[in-house]
Amino acid sequence: MPQTTLDTILDGRRSQPHQLIEVLQDVQAQNGYISEEAMRAVSKELGVTLLEVYRVASFYKAFSLSPRGKNVITVCTGTACHVRGAKLLINQATAQIGVETGKMSADGLFTIENVNCLGACALGPVVTTNTDYHHHMSPGKMRKLIKSYQKNNKEEAANE
Amino acid sequence: MTEKVSVTIDGAIIRAPKGLSILDAALDHGICIPHLCRVPAISDLGACRLCIVEHIQNGRSKVTTSCTLVVKEGMVIHSNTEKIKRLRRNIAELLVAEAPNSRAVQDVAMRCGVKEVRYPFRNNNCILCGRCVRICTGRLGEKAIGFVGRGMDRRVVAPFDLKSKLCRECGWCSDLCPMTMTPCGGPMHKGQERLCTNCESKQTSLDQMTGYCVACYFGKGFQCERHPERFTGIEE
């Protein structure tokens, strides 16, 4: 991670161990994940032992320790969504993108994750892409959704 | 002189100094409550759950770990009721299923009266008792290893699975680990795990000698300070 962005995150928070989670959240928001170097730097600047930083970062599901794709597709696999075929959605997504759940795709565009409940069981199966919620998903809808993201990315690349 | 309070453990009235845990008070007076994760002079975690007791409060009984229960005036504790024995046997059974390759775990299971293991063997190398973590972060004031992850993924590691720069190689973590003593028959490989019953005829189980510390040799693996070759490493 570039030193400048980390500096802006850490500004005014140095040597304040209680700011650990906030700093990690900012790093996560900035980079999409928390790298080993970032953790080492945070540990040094906040005066928290590396173990503590690693422990906190590995404990919360909101923090990712490995790089994540530009678009994070989260499939709910809670009881209600599972019953309504969340497994099919995961199969569709992993096959179409060609990557396991929890890993970043080779082009850096997608990460597929599964969570245990998104709290919208009546609308299941639920899928979120970044911050958008999609209800009553089916493998067909999933295919179109992924296609649309791939198309958007191509257009963006063409415009640049 | 420290203030003392009276507690009743298994019907015996014990005068124990304030701030002591029920487990320590019981052990000091020769009442054996099986335990595994406790190490004298470092903070208690209540991780192994073996030292559970019944705490009678307002006519109701509450099952709780005695190592984290601090003595209070007039407390009534039962450490060997049928209910406690049943629960403790089950906990010991789960521990053996998790890590059969430890003499400490096998011995404590035998002492708790485990006769068969009804759970699939996992054969892990760690029961997450937290002894190594507590000696490292608490007693020695270093932070080289610790619990990482959550739930099923919880494990003891140094950051990034590398050796920590803070580690002074004092070796206390491995000294205190209950996994360092293999069962007498040698390590069990995957698929060969079993409940070790070698000592059954030689040793007293809790069923035969309820509640009394018999200075059993079982303490050797996990350094029970009542063990004849008692563990004297850390003293206040």
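Summary table
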quantity	calculated
A:N71 in contact with a Gly (Cβ under 6 Å, 6 or more places away or on another chain) and over 30 Å from B:R134 (Cβ atoms)	no
Residue list for the stretch A:117-152, restricted to those being in contact with a Leu (Cβ under 6 Å, 6 or more places away or on another chain) and of a type in the set (S, T, N, Q)	none
Residues of the stretch A:52-86 satisfying the condition of being exposed (fewer than 14 other Cβ atoms within 10 Å of the Cβ) and more than 30 Å from A:L20 (Cβ to Cβ)	A:T79, A:V83
Residues (part of a loop (DSSP other than H, G, I, E, B) and more than 13 Å from B:G149 (Cα to Cα)) located in the stretch A:46-67	A:G47, A:V48, A:T49, A:S66, A:P67
Filter result for the condition that a residue is farther than 17 Å from B:D10 by Cα and either among the small types (G, A, S) or surrounded by fewer than 24 Cβ atoms within 10 Å (Cβ to Cβ) (or both), over B:S61, B:S102, B:S21	B:S102
Residues that are within 21 Å of B:G138 (Cα to Cα) and among the small types (G, A, S), drawn from the stretch B:14-47	B:G19, B:S21, B:A41, B:S43, B:G46, B:A47
Residue tally, condition more than 14 Å from chain A (Cβ to nearest Cβ) and either in contact with a helix residue (DSSP H, G or I) (Cβ under 6 Å, 6 or more places away or on another chain) or of a type in the set (A, V, I, L, M) (or both), over the stretch B:152-173	1
Some residue of the stretch A:68-81 being aliphatic (A, V, I, L, M), more than 14 Å from chain B (Cβ to nearest Cβ), in contact with a Cys (Cβ under 6 Å, 6 or more places away or on another chain) and in a helix (DSSP H, G or I)	yes
Spans of strands (runs of 3 or more DSSP E) in the stretch A:94-160 with at least 3 residues among the hydrophobic types (A, V, I, L, M, F, W, C)	A:110-115
Residues located in the stretch A:25-51, provided they are among the hydrophobic types (A, V, I, L, M, F, W, C) and either touching a strand residue (DSSP E or B) at 6+ places or on another chain (Cβ under 8 Å) or surrounded by fewer than 20 Cβ atoms within 10 Å (Cβ to Cβ) (or both)	A:A29, A:L51
Residue within the stretch A:46-64 that is more than 14 Å from chain B (Cβ to nearest Cβ) and of a type in the set (D, E, K, R) present	no
Conditions (1) within 21 Å of the chain's Cα centre (by Cα); (2) within 9 Å of chain A (Cβ to nearest Cβ); (3) not in a strand (DSSP E or B): number failed by B:T182	(2)
Residue, farthest from the other protein chains (Cβ to nearest Cβ), within the stretch B:122-151, restricted to residues that are assigned to a loop (DSSP other than H, G, I, E, B) and charged (D, E, K, R)	B:R122
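Bear in mind that the values in this text are calculations on the coordinates, not laboratory data. Bear in mind that the values here come from a model prediction, so they are computed numbers and not experimental data. Neighbour counts are summed over all protein chains in view; Cβ atoms, including those assigned to glycine, are modelled from backbone coordinates with ideal geometry.
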